[in-house]
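Below is one structure, written out as structure tokens; the observations come after it.
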Amino acid sequence: MSASKMLPYGRQSIDDEDIAAVIEVLRSDWLTTGPTIADFERDLANFVGVDNAVAVSSGTAALHTTMYALGIGPGDDVIVPAITFVASANAAVYQGARPIFADVNPATLLIDPQSVIERMTPNTRAIVAVDYAGQPCDYTALRTIADQYQVALIADACHALGGLYHNTPVGALADLSTFSFHPVKHITTGEGGAITTNNPDWAQKMRYFRNHGITSDHRQRAEKGSWFYEMIDLGYNYRMTDFQAALGRSQLRKLPNWIERRRALAQRYDQLLAGYSFARPLAVMPDVTHAYHLYVVQLAIEELSIDRSQIFAELRKAGIGVNVHYIPVYLHPFYRNRFNYQPGLCPQAEAAYERILSLPIFPAMTDQDVDYVVEQLMSILR
Ligand SMILES: *Cc1c(COP(=O)(O)O)cnc(C)c1O
């Protein structure tokens, strides 16, 4: 591994089969709103074991669409973990609701159910659980809380496609689950996303929301030989194209092998870092299958003579594309200004943010790449 070629923290795997699948659709009659969308939705629903999947243009669109399906709007509160990508919280803001930030468990950085209870308000309508790094949240506790307070449970599962919680697939653990098919995620469609749910009414609402709020699509009208359509509510153009769906279908077939590979790479990191106190992997709960979108370590910064930004820069210099996931969302200027959030809101998230570092992990990475990353990390910390 030379420093001239950066080992990224994540990247897509595309083969000739994927390319052929895209080309086949490009040569067909339907570039968008065609049959391949329905095929991809059926494959994804089967994969996670639910009745409905709705494909959309991004993971962010998927999150927004769940907020719409639940009828969330102005005056409503939505509980979101402090450590996540900004899109998890932005989705509530798009609908005029207020994101309320719950703290995380310091060992896993997953949303802390106790903090969720503490942050409940009379206006809370939903909990967004983020399967951070690819580890499913504590869905037993979250389901109990959601039922007790009669709020919806949404899984932002953008990190966790292919994971399991107590043998149930991610995608079937919450009322609505969202996925992203951005190139760094488990499978890619370039840009793309989806929602999975067992609720047919929400599925129907989400299908017209992604299509301007119009209840029939172009293909349905072509089949009926009719020009008539009705827009029943304000929606968006959140559609995925059929050639993207073709790529998604082709990628999904490889996902089980990729998850296995990600887990093997994580295990190698775990073994190489075992007993090493300066960089500790996040805890993994029993009875989960971690999908390892990210491999995150917590640095013992108080015991080191070098700070995280120096460690980050040194690793980048060595050709290792480390990253930091994430800045606590409410510390961003938009959230401070719009909602008046201040530092101190989620102490565990803020403390963790100072210590975390994401090391490269993606299916095409070799065992030697893992060894190189750990060697470099240890030599910098020494
Ligand atoms: C990637 C990601 C999203 C957004 O997905 P896009 O497809 O990039 O819009 C949302 N939430 C989390 C946790 C993500 O990692």
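Antiparallel as a % of all DSSP beta bridges within the chain, to the nearest 5?
On the way: 25 of 42 bridges.
Roughly 60 percent of the beta bridges in the chain run antiparallel, per DSSP.
Suppose we keep just the DSSP beta bridges with both residues in the stretch 9-159; what percent of those would be antiparallel, to 5?
Roughly 5 percent of the DSSP beta bridges within the stretch 9-159 come out antiparallel.
Once you order the gyration tensor axes a ≥ b ≥ c over the Cα atoms, which shape class does the stretch 226-327 get: rounded for a/c under 1.5, otherwise prolate or oblate by comparing a/b with b/c? Walk me through the numbers on the way to the answer.
On the way: a/c = 2.80, a/b = 2.04, b/c = 1.37.
It is prolate, given that a/c is not under 1.5 and a/b is the larger ratio.
Would you look at the GNM of the chain, springs on alpha carbons closer than 10 Å, and say which of A274, A349, A318 moves the most?
Looking only at A274, A349, A318, the largest GNM fluctuation is found for A274.
In whole Hz, what ³J(HN,Hα) sequence does the stretch 178-188 give by Karplus (6.51, -1.76, 1.60; θ = phi - 60°), x for Gly and Pro?
The phi angles translate into 10, 10, 10, 10, 5, x, 7, 7, 4, 10, 10 Hz.
List the lysines whose Cα lies under 29 Å from the Cα of K224, skipping any in the same chain that are fewer than 8 positions away.
K205
Can you tally the net charge around I361? Count Lys and Arg as +1, Asp and Glu as -1, for every other residue whose Cβ sits under 11 Å from the Cβ of I361. If you can, show how the numbers build up before the last one.
On the way: positive: R11, R261, R262, R263, R268; negative: D369.
Result for the neighbourhood of I361: +4.
Using helices alone, what [θ] at 222 nm do you get for the chain, with -39,500 (n - 2.57) per DSSP H run of 4 or more residues, divided over all residues and rounded to the nearest 500?
Working: 13 runs with 151 residues, N = 382.
Taken over the chain, the calculation gives -12000 deg cm²/dmol.
Please compute the contact order of the chain in relative form: average sequence separation of alpha-carbon pairs under 8 Å and at least six residues apart, divided by the residue count, as a percent. Could you put the intermediate results ahead of the total?
Values: 821 pairs, mean separation 90.1, N = 382.
For the chain, the relative contact order is 24 percent.
Rank R338, R125, R262 by mean-square fluctuation in a GNM of the chain with C-alpha springs under 10 angstrom and give only the top-ranked residue.
Most flexible of the set in this elastic network: R338.
By its C-alpha gyration tensor, with a ≥ b ≥ c as the square roots of the eigenvalues, how is the chain shaped: rounded for a/c under 1.5, else prolate for a/b larger than b/c, else oblate? Can you show the working numbers first?
On the way: a/c = 2.04, a/b = 1.31, b/c = 1.56.
Oblate shape, in that a/c is at least 1.5 and b/c is the bigger or equal ratio.
Once whole DSSP H runs in the chain are found, which of them have Cα atoms spread over 30 Å or more along the helix axis and a mean Kyte-Doolittle score of at least -1.0? Write out the running numbers ahead of the final one.
Values: long enough: 242-273 (43 Å, -0.83).
Qualifying helices: 242-273.
Which one, H212, H293, H64, has the greatest fluctuation when you compute a Gaussian network model over the chain with C-alpha springs under 10 angstrom?
H212
Under a Cβ-Cβ cut-off of 10 Å, what is the net charge of the residues other than Q12 that fall near it, where Lys and Arg count +1 and Asp and Glu count -1? Mind dumping the intermediate values first?
Details: positive: R11, K185; negative: D18.
Its environment carries a net charge of +1.
What's the extension gain from R316 to A222 if we count 0.36 nm per residue and subtract their Cα-Cα distance? Kindly include the intermediate steps, with their values, before the conclusion.
Details: separation 94, 0.36 × 94 = 33.84 nm, distance 5.33 nm.
Answer, rounded to one decimal: 28.5 nm.
With a cut-off of 14 Å, note down the residues of the stretch 285-299 whose backbone N falls inside the zone around a label point 7 Å from the Cα of E17 toward its beta carbon.
Zone members listed by number: none at all.
Give me the net charge of Q271's neighbourhood, meaning all other residues with Cβ under 12 Å from the Cβ of Q271; Lys, Arg count +1, Asp, Glu -1. Show your work: numbers first, answer last.
Numbers: positive: R268; negative: D270, D367, D371.
Overall, the nearby charge balance is -2.
If you average the C-alpha positions of the stretch 267-299 and of the stretch 1-80 separately, how far apart do those two centres end up, in angstrom?
For the stretch 267-299 versus the stretch 1-80, the Cα centre distance is 27 Å.
Taken together, the values in this text are just the output of simple stated rules run on the coordinates, not laboratory data. Owing to the predicted nature of the structure, the values given are computational and were not obtained by experimental measurement. Quick reminder, even Gly has a Cβ in these numbers, built from the backbone with ideal geometry, and neighbours come from all protein chains shown.
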